[in-house]
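Structure first, commentary second.
The values are calculated or read from the model by the stated rules, or taken from the named source; none is laboratory data. This structure is a prediction, so every number in the text was calculated from the model and none was measured. Don't worry about glycine lacking a Cβ; one is built from the backbone with ideal geometry, like all the others, and counts go over all protein chains shown.
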Amino acid sequence: MARAAFCETFHHYQPDALAEFLNTHCGLSAFKEALRAPNITILIASAEQKIIGYTKFGASRLPKIADFRPEFELHQLYVLKAWQGRKIGARLMQGVIGAGYDSKAPAIHLGVWEHNVRAQEFYKRHGFTKVGDYDYLPIGDVTDHEWIMEKSLIRQ
């Protein structure tokens, strides 16, 4: 499911580089490692006895620069295209936001590809704003530019 959702979203990589990335970051071993990590959580959405969406979040892996030190990060949130538009992503996001409040972190951060407007709009609807940017790890010869978005968790 993770591989399928990634490929539904990103179409601009060379096939060999994409295959290598998927094996490393979207394969069973990557998820087993994440499940063993004490500071990472994975929530899944299922229907018809199959996984149709997931989110992974926890300790931040975003770049830490001068005045920007993210603690809690939404690493991934994917819903298969056939299931989008049914509030599944919103339910997964509510789990992330609740966990963010439980963590006592001041904010939730995430990285989103600068050309993924649909995801950016989804995050904006959930209270995220753009606060910075960075270059994602290269996939073959392609280095994607990412926005860093933030949702404050400080209750007024």
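Descriptive notes on the structure:
- Each residue in region 124-156 was checked for being buried (at least 17 other Cβ atoms within 10 Å of the Cβ), over 15 Å from the mean Cα position of the chain (by Cα) and not small (Gly, Ala, Ser), and 2 of them qualify.
- Residue ranges of strands (runs of 3 or more DSSP E) in region 35-102 with at least 1 members under 23 Å from ARG118 (Cα atoms), modelled with pLDDT of 95 or more and more than 14 Å from the chain's Cα centre (by Cα): 40-47, 50-59
- Residue within region 109-123 that is surrounded by 12 or more Cβ atoms within 10 Å (Cβ to Cβ), of a type in the set (Lys, Arg) and farther than 23 Å from ALA34 by Cα present: no
- Unmet requirement for GLU73, which otherwise passes all of (1) surrounded by 15 or more Cβ atoms within 10 Å (Cβ to Cβ); (2) in contact (Cβ under 8 Å) with a residue 60 or more places away in the chain; (3) closer than 26 Å to GLU20 by Cβ: (2)
- Filter result (modelled with pLDDT under 95, touching a strand residue (DSSP E or B) at 6+ places or on another chain (Cβ under 7 Å) and not hydrophobic (A, V, I, L, M, F, W, C)) within region 110-129: GLY111, GLU114
- Of all the residues in region 24-41, those that are more than 21 Å from LEU137 (Cα to Cα) and buried (at least 16 other Cβ atoms within 10 Å of the Cβ) number 1.
- Residue within region 7-23 that is exposed (fewer than 12 other Cβ atoms within 10 Å of the Cβ), part of a helix (DSSP H, G or I), polar (S, T, N, Q) and free of Cβ contacts under 8 Å to residues at least 24 places away in the same chain present: no
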